[in-house]
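Student: Have a look at the structure that comes next, please.
Computed from the coordinates by the stated procedures, all read-outs in this text should not be read as laboratory data. Note that this is a predicted model, so its numbers are computed, not measured. When we count neighbours, we look across all protein chains shown, and the Cβ atoms used for this are built from the backbone with ideal geometry, even at glycine.
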Amino acid sequence: MAEIIRGNTGDWEMVIGLEVHAQAITESKLFSGAATTFGAAPNTQVSLVDAAMPGMLPVLNMKSVEQAVRTGLGLNSKINLYSVFERKNYFYPDLPQGYQISQYLHPIVGEGEIEIDLPNGEVKKIGITRLHLEQDAGKSIHDQHPTKSYVDLNRSGNTLMEIVSEPDLRDGIEVGAYLTKLRMILRYLGTCDGNMDEGSMRADVNISVRKVGDSKLGTRCEIKNVNSIKAAQAAIDYESRRQIEILEDGGSIDQETRLWDPAHNVTRSMRSKEDAHDYRYFPDPDLLPLVLEQGYVDDIKKTLPELPDEKKHRFMQNYGLGAYDASVLISSRSRADYFETVANDRDAKLAANWVINELLGILNKDGKTIEESPISSENLGKLVGLIEDNTISGRIAKDVFAEMYASGKDPEVIVEEQGLKQVTDTGAIEALVDKVIAENPDKVEQYKSGKDKLFGFFVGQVMKESQGKANPQMVNELLKNKLS
Amino acid sequence: MTDLTALSVSEALAGMKNKDFSAVELTKAHLDAMEKARHLNAYILETPEIALKQAAESDKRYAAGTALPLDGIPTGIKDLFCTEGVQTTAASKILEGFIPTYESTVTSKLFADGAVMLGKTNLDEFAMGSSNTTSYFGNVVNPWKANDSDADLVPGGSSGGSAAAVAANIAMLSTGTDTGGSIRQPAAFCGIAGIRPTYGRCSRWGVVAFASSLDQAGAFGRSVEDCAHMLKSMSGYDPKDSTSAKLDVPDFPALIEQGVKGLKVGIPKEYRLDETPAEINAIWEQGIEWLREAGAEIVDISLPHTKYALPAYYIVAPAEASSNLARYDGVRYGLRVDGKDLAETYCKSRAEGFGDEVKRRIMVGSYVLSAGYYDAYYIQAQKVRRLIQDDFKKAYEKVDFILTPATPSSAFAIGENEDDPIKMYLNDVFTVTVNMAGLPGMSVPAGLDKRGLPLGLQVIGRPFDEVTVLRACRFIERASAFSAKPQFVINKAA
């Protein structure tokens, strides 16, 4: 259930839609040949077109188109075979042309939907309104000089995919789940790296509130400068309460653009509807309408990878995993691939346990990603195999795992070198059992007189004698026989 | 010795090939003539060093027997074409001193074919005007004078400097651009030939944009053949311009002498305007008669939406201009006038950098694109544009080309028509339809009015059928035997 805010006058709910700007992965810009690498020295990746020199003309980068179509397909959305680039006119120093080339009335991608996974296991469908292609602006830098601003045009003209959701989200948790899922899909598709801290994925949050049960939408505000999932959630928490307070005090919400201030955890008014720009959109006469063939779209469709939801369902069906484990494993393609190598021809549930509980646990603790794991997927698979065929016990396996994590060694080598193979010889175990019984006559007495709990003591002693190598199941059986 | 500046392109090419004179001599003759013609103000910038260097290279090629199609031909470049290392201003204060680091595709092609650049020719500011009086660098004077007055006349616009230079023999060829008639009208006013090819025939890359969907580069020459030579070198597909056409370029000069026999000529009744002077209609009738006599079939046609073309043009062109000129903001290049904050810097830079006509069009353009007016103006104008295109499409089912007057008057005095922008805009009444439909059009001199000023006829062709346009114009040129010269040239010879 979505979050309900209890006010003085009743219960309120939030209505939220997101506009996500995702920078498409392309080697060159949307309309120029300049490079797009993040972090290059200022103004070193600027072509004559990006700097809007007189007489320069945009030429559409077909790689950008491909990435947009790919993303649209990944968002289960309609691909529009006819789309139009328009000019959005406004003045700003980081916008050299004095207009942004964007898509307006005819976006390249139309309606679709994605599923988000909520922490309580619930799955919710969120509508996608559209995806359109547009140029990124440059960057204004205000803190390098006491009176002047600097402009870095490296980003100017990069390909942005603006992905607009329906107002289907109801609280910060859903927004977090949506952004997480969207980022996952983009990364699976290889169309955006999803790095919010580098600005390659940015979100504007449209939010309004209404009384629970109302069907009419309230007046919304748009919040900009939301640079992380956490910031989005914090901004929503603040903004929803701000709006409710105003409404409960008998006021009304002004439709406006607000800025998230992460230093003070508040949103601030940026510009009201009255000050809103008149962008004077019109079709860019330098570019012909973009007309795609269905065959082009079909060809891209054939190259789509298995997407997160498909993968999740397959993991649940083929490997018998629960929804939670499956969603942990599919959260990135590399994690899912790692798991599949470990689970290959082995006990999948056991493999999932080792990947999730042991490996991800320690990687998390060390702040490492799965790509940085010192244990290769092949080696972890071997370890699972050693447990599965009773070469080592689960207890010993943990020690082997620790050694593998420290040294990156092959578990078979570790087991061999340290002589950790499980003892399964009945005679050898029986001798140990007999020894323990002989050394503890009083405990035997107590056990036989009804203190069942002491059974664990005997098992522990035998395992200790075997230095942990005795097969625990055989120890159990032999002890039961001898003590009865 | 013959006046080298009076030669045709073919004569000049032959002369250099035969070693009658060198490319450097030809260029020097032009540079000398330019010096004596400075009062015409045809050039914003003369580039003698570049010209002589290019001419010397041409001479080397002639000596080596590797001469190029336009090798050594002295050429004026409209100052709307960006030229690498050479100031490019669009005749605007806002670009004064701007030196591009790049060469426009059209000028690159011309230089690759051996053309010699004499300088950058004057124009109306940002190519907005029909009289060349809006240039920040001063108006251009037409080398022609009326026989009843000593008043200086306008050369037409916007490519006034280019047209005046060719007419005054201070360039053998020159480039122009034509957004609403900016080649054809000045060609007519200056008694020379000027062709605006089909939209997409020449690359717009590196040409300072006025109205992107209407702008097209073209050529001026003293003869149709000269224009054909130049057009061949300028044309061709350019991957850097998404609107350029992927088509082969015909060998224009070789295809102009086929005459008009058997061709069908459309005469659109909507071009007979009540206010058109009788002399203009008379020269049109004369042209029709020449064609008929030569065996062309005259067909009366209707282009019913013609009367909406001019108002629609004056919505579309300013709309695009208002956006195209947004980049001149004082931030990266050109004029900057500092204000107390960003907004004031924008305002001051643009207020001081742009002239009145440019400001007027930016305001009109911003207005027609603004919320609440967009549908009523811009969308409506686009619909008109489509109707005009359809008119032509239907006409070309019946005819091979269309003949009209080029302009509603001959050259007028400097200062005339300045009181009312609408009066000035009416100069384009016969030419804008071509731009709205993206067609090729050419103006060719056909006679003089009673004041001794040249009058032009316009030939409009099917898309990418410049060959028929040139062919028809070549015929008219022969039929009219137009040989009058401007007073400036006559006086010089005397």
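Student: Using only Cα atoms, tell me the angle between helix A:455-465 and the longest principal axis of chain A; keep it within 0 to 90° and round to the nearest 10.
Tutor: 90 degrees
Student: Average partner chain C-beta neighbours within 10 Å, per residue of A:282-289?
Tutor: Per residue, the average neighbour count from other chains is 6.
Student: Region A:366-484: percent of C-alpha pairs farther apart than 20 Å?
Tutor: 50 percent
Student: Could you please tell me the mean projected area of the C-alpha convex hull for region B:350-390, averaged over all directions and given in square nanometres to one decimal? Present the calculation step by step, with values, prior to reporting the outcome.
Tutor: On the way: hull surface 14.3 nm².
For region B:350-390, the mean projected area of the Cα convex hull comes to 3.6 nm².
Student: Which three extents, in whole angstrom, do the alpha-carbon atoms of region B:73-179 cover along their principal axes, largest first?
Tutor: So the extents along the principal axes, rounded to whole Å, are 47, 31, 22.
Student: Right, next: List the residues of region A:93-125 whose backbone N lies under 13 Å from a point placed 7 Å from the Cα of residue A:60 along the Cα-to-Cβ direction.
Tutor: Backbone N within reach: A:102-104, A:106-109.
Student: What FRET efficiency comes out for the pair residue A:166/residue A:237, r = Cβ-Cβ distance, R0 = 30 Å, nearest 0.05?
Tutor: Rounded to the nearest 0.05, the efficiency is 0.90.
Student: Moving to a separate point now. Would you mind checking the tilt of helix A:377-388 against the longest principal axis of the Cα atoms of chain A, expressed as 0 to 90 degrees and rounded to 10?
Tutor: The helix A:377-388 is inclined about 30 degrees to chain A.
Student: OK, next. Averaged over its residues, how many other protein chain Cβ atoms are within 10 Å of peptide B:319-328's Cβ atoms?
Tutor: 6
Student: In nm², what is the average projected area of the convex hull enclosing the Cα atoms of chain B?
Tutor: 22.3 nm²
Student: How many nm is it between the label spots at residue A:276 and residue B:293, if each spot is 7 Å from the Cα in line with the beta carbon?
Tutor: Distance between label points: 6.7 nm.
Student: Can you give the extra length, in nm with one decimal, that the chain gains between residue B:487 and residue B:423 once fully stretched, where that is 0.36 nm per residue apart less the Cα-Cα distance?
Tutor: 20.3 nm
Student: Return the Rg/Rh ratio of region A:284-388 with Cα-based radii and a Kirkwood Rh.
Tutor: Rg divided by Rh gives 1.20.
Student: Order A:179-185, A:132-138, A:462-468 from most to least packed using the mean count of other Cβ atoms within 10 Å.
Tutor: My ranking of the peptides, most packed first, is A:132-138, A:179-185, A:462-468.
Student: While we're on this one: Of the DSSP beta bridges with both residues in region A:206-286, give the percent that are antiparallel, rounding to the nearest 5.
Tutor: Of the beta bridges lying entirely in region A:206-286, close to 65 percent run antiparallel.
Student: Give the lysines reachable from residue A:368 as a straight Cα distance under 26 Å; neighbours fewer than 8 places away on the same chain don't count.
Tutor: Leaving aside lysines fewer than 8 places away in the same chain, those within reach of residue A:368 are A:181, A:230, A:311, A:312, A:349, A:382, A:398, A:409.
Student: Two-decimal Rg/Rh of chain A from alpha-carbon positions, Kirkwood Rh? Intermediate values should be presented prior to the final figure.
Tutor: On the way: Rg = 30.1 Å, Rh = 26.8 Å.
Ratio value, two decimals: 1.12.
Student: Once the Cα atoms of helix A:308-319 and of chain A are each reduced to a long axis, what angle between those two axes, in degrees from 0 to 90 to the nearest 10, is obtained?
Tutor: On a 0 to 90 degree scale, this one is about 20.
Student: Can you bin every Cα-Cα distance in the protein assembly as shown into 10 Å intervals starting at zero and give me the percent of pairs per bin, rounded to whole numbers?
Tutor: 2, 10, 16, 17, 14, 11, 9, 7, 5, 3, 2, 2, 1, 0, 0
Student: Considering only the protein assembly as shown, what is the antiparallel percent among its DSSP beta bridges, to the nearest 5?
Tutor: For the protein assembly as shown, the DSSP antiparallel bridge percentage is about 80.
Student: Ok, one more. Taking the Cβ-Cβ separation of residue B:8 and residue B:63 as r and a Förster radius of 22 Å, what is the calculated FRET efficiency to the nearest 0.05?
Tutor: Here the calculated transfer efficiency is 0.45.
Student: To continue, here is another question. What ranking do A:192, B:347, B:82, B:227 get, fewest neighbouring Cβ atoms within 10 angstrom at the top?
Tutor: Exposure proxy ranking, most exposed first: B:347, A:192, B:82, B:227.
Student: Measure out, as a whole number of angstrom, how far apart the alpha-carbon centroids of region A:381-437 and region A:1-35 sit.
Tutor: Centre-to-centre (Cα) distance: 51 Å.
Student: For region B:155-269, rounded, prolate or oblate, judged on the Cα gyration tensor with a ≥ b ≥ c (square roots of eigenvalues), a/c < 1.5 rounded, else prolate if a/b > b/c?
Tutor: Details: a/c = 1.39, a/b = 1.05, b/c = 1.32.
Rounded is the answer for region B:155-269, as its axis ratio a/c remains below 1.5.
Student: For the pair residue A:40/residue A:180, report the inter-label distance in nm, with labels modelled 7 Å from Cα in the Cβ direction.
Tutor: Reported label-point gap for residue A:40 and residue A:180 is 3.6 nm.
Student: Also, I was wondering about something else. Hey, rough spin-label estimate for residue B:264 and residue A:214, points 7 angstrom out along Cα→Cβ, what's it come to in nanometres?
Tutor: 6.8 nm
Student: Which of the three applies to region B:339-494, rounded, prolate or oblate, going by the alpha-carbon gyration tensor with a ≥ b ≥ c and a/c under 1.5 meaning rounded?
Tutor: Note, shape of region B:339-494 comes out oblate.
Student: At a Förster distance of 25 Å, what's the computed FRET efficiency of residue A:430 paired with residue A:388, Cβ-Cβ distance as r, to 0.05?
Tutor: Once the sixth-power term is evaluated, E becomes 0.50.
Student: Sort A:399, B:400 so that the residue with the fewest other Cβ atoms within 10 Å of its own Cβ comes first and the one with the most comes last.
Tutor: Final ranking by Cβ density, sparse to dense: A:399, B:400.
Student: Sort A:14, A:404 so the one with the fewest other Cβ atoms within 10 Å of its own Cβ comes first. List each step's numbers first, then the result.
Tutor: Working: A:14 27, A:404 23.
Least crowded to most crowded, the residues run A:404, A:14.
Student: Moving on. Would you mind checking the radius of gyration and Dmax of region A:135-287 based on alpha-carbon positions, in Å?
Tutor: Cα only, region A:135-287: 17.6, 53 Å (Rg, Dmax).
Student: Still on this structure: Could you please tell me the mean projected area of the C-alpha convex hull for region A:32-128, averaged over all directions and given in square nanometres to one decimal?
Tutor: Its average projected convex-hull area is 9.0 nm².
Student: Please give me the summed charge of the neighbours of residue B:152: other residues whose Cβ is under 12 Å from its Cβ, Lys and Arg +1, Asp and Glu -1.
Tutor: With Lys, Arg at +1 and Asp, Glu at -1, the neighbours total -1.
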